[in-house]
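Have a look at the structure below before the remarks.
The values are calculated or read from the model by the stated rules, or taken from the named source; none is laboratory data. Because the structure is predicted, anything quoted here is derived from the model rather than measured. No Cβ is skipped: glycine too gets one built from the backbone with ideal geometry, and neighbour counts run over all protein chains shown.
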Amino acid sequence: MTLQRSLRIILICHILATPSFADTKVHWSYTGDTGPAHWGELSEDFASCRVGKNQSPIDIETDRLIEADLGTLIFSYQGESTEIINNGHTLQANVTPGSTMQVKGETFELKQFHMHSPSEHQINGESFPLELHFVHSNDAAELAVVGMLFREGVPHKDLVRIVEKAPKQAGGTVPLVKKLEDIFPHVKLAVESYYRYSGSLTTPPCTEGVRWYVYPVIRTVSKEQIAGYIDLIGTDARGPMPLNARIVLEAAD
C-alpha cells in the first residue's frame, strides 16, 4: 500500500467518523466572523477553504454542461437508518452497512446522509429550499456524494419525522430505525440523468477530491417542513464557489 493511499484512508476514516465532517475543536458557523468567508482563516487545517481551486458547492450552468458517457447510477440501499445526530451544523442520519451506489463498475457504500437549507448547489443561479447529501466511500477511501434537491410543495412524510424526532440540542443523538427504501424513492432506481464534477467537502476542512453527483430530479418538501428544520438548525449552506478550470459533465438519459 502506498503512503499516499494510507494517508487518504486515515483522512477518510476520520471524515466519515465525524458527524457531517464538522466536529472540530475550532468553532465555525454559517454567519459573521466564523462564517464561510472566514473558514480558511480559522485554522491551518481549514486552508483548503481559502486556497482550494476545486471547492464545492457550485452553481451548475446548464448551457455550459458537456455531455459524457458517465454510466448509470445504480442505487441499492438495502439497510436502515440507525440514529439522528444534531451536531449544531446539520441533522445527520447514520445508516447500517451494505447500502451501495454503483457507477461504471465501481461500488461506493453509503455511510450517512444529512441536510442543508437552503440548497448548497444552485442550477442556473436558482437556489432550492432544501438539499440532501448522501455520502459514500469506496474501498480506495474515495468519497462520492450525491446531492438531491427539493422544491417547496407536497410534504415529504418521512423527512418531517426525521426533523420532529431529531435532538433539540446540539450534540444530541437519538435512535431512528427506518428502512431507507421507505424514506427515499430513488434507492432502487437506475439513474441515467445527473450532473458530475470534481469538488470538495462543503464544510471545514473543505477537503478536495470528492466526486459530486447532483441529481436533478427535484423532490418536494412543505413550507412547514423547511421552517421546522431552520428553526432547529438555522440556515446552513455554503454559497457557490468559483468553477475555475473545472468542467461539469452531464449524463443524459
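Here are a few things to note about the model shown:
- From the list Y229, Y213, the lone residue that is among the aromatic types (F, W, Y), buried (at least 21 other Cβ atoms within 10 Å of the Cβ) and touching a helix residue (DSSP H, G or I) at 6+ places or on another chain (Cβ under 6 Å) is Y229.
- Residues (closer than 12 Å to S200 by Cβ and either exposed (fewer than 14 other Cβ atoms within 10 Å of the Cβ) or among the small types (G, A, S) (or both)) located in segment 48-73: S48, V51, G52, K53, S56
- Check on D158, over 20 Å from I230 (Cβ atoms), without any contact (Cβ under 8 Å) to a residue 60 or more places away in the chain and of a type outside the set (G, A, S): no
- Just one of the listed residues (V191, V221, V187, V214) is of a type in the set (A, V, I, L, M) and modelled with pLDDT of 95 or more, and it is V214.
- Residues that are of a type in the set (D, E) and part of a strand (DSSP E or B) within segment 201-228 comprise just one, E208.
- Those residues of segment 108-140 which are assigned to a strand (DSSP E or B), more than 16 Å from L159 (Cα to Cα) and either more than 15 Å from the chain's Cα centre (by Cα) or not acidic (D, E) (or both), in sequence order: F108, L110, K111, Q122, I123, E126, V135, H136, S137
- Unique residue being under 19 Å from the mean Cα position of the chain (by Cα) and more than 25 Å from F75 (Cβ to Cβ) when the list is P167, P240: P240
For every residue, the table says whether it meets (1) crowded, with 17+ Cβ neighbours inside 10 Å; (2) more than 21 Å from D182 (Cα to Cα).
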position	(1), (2)
E83	no, no
N86	yes, yes
A93	yes, no
T100	yes, no
S117	yes, yes
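- Single residue of segment 1-28 satisfying the filter (among the small types (G, A, S) and surrounded by fewer than 16 Cβ atoms within 10 Å (Cβ to Cβ)) that is modelled with the lowest pLDDT: S6
- Complete set of residues in segment 86-107 that are under 29 Å from G239 (Cβ atoms), part of a strand (DSSP E or B) and more than 15 Å from the chain's Cα centre (by Cα): N86, V103
- Index of the failed condition, V160 passing every other in (1) modelled with pLDDT of 95 or more; (2) in contact with an Asp or Glu (Cβ under 9 Å, 6 or more places away or on another chain); (3) not aromatic (F, W, Y): (1)
- Residue that is surrounded by the fewest Cβ atoms within 10 Å (Cβ to Cβ) [pool: residues in segment 165-196 that are touching a helix residue (DSSP H, G or I) at 6+ places or on another chain (Cβ under 8 Å) and basic (K, R)]: K168
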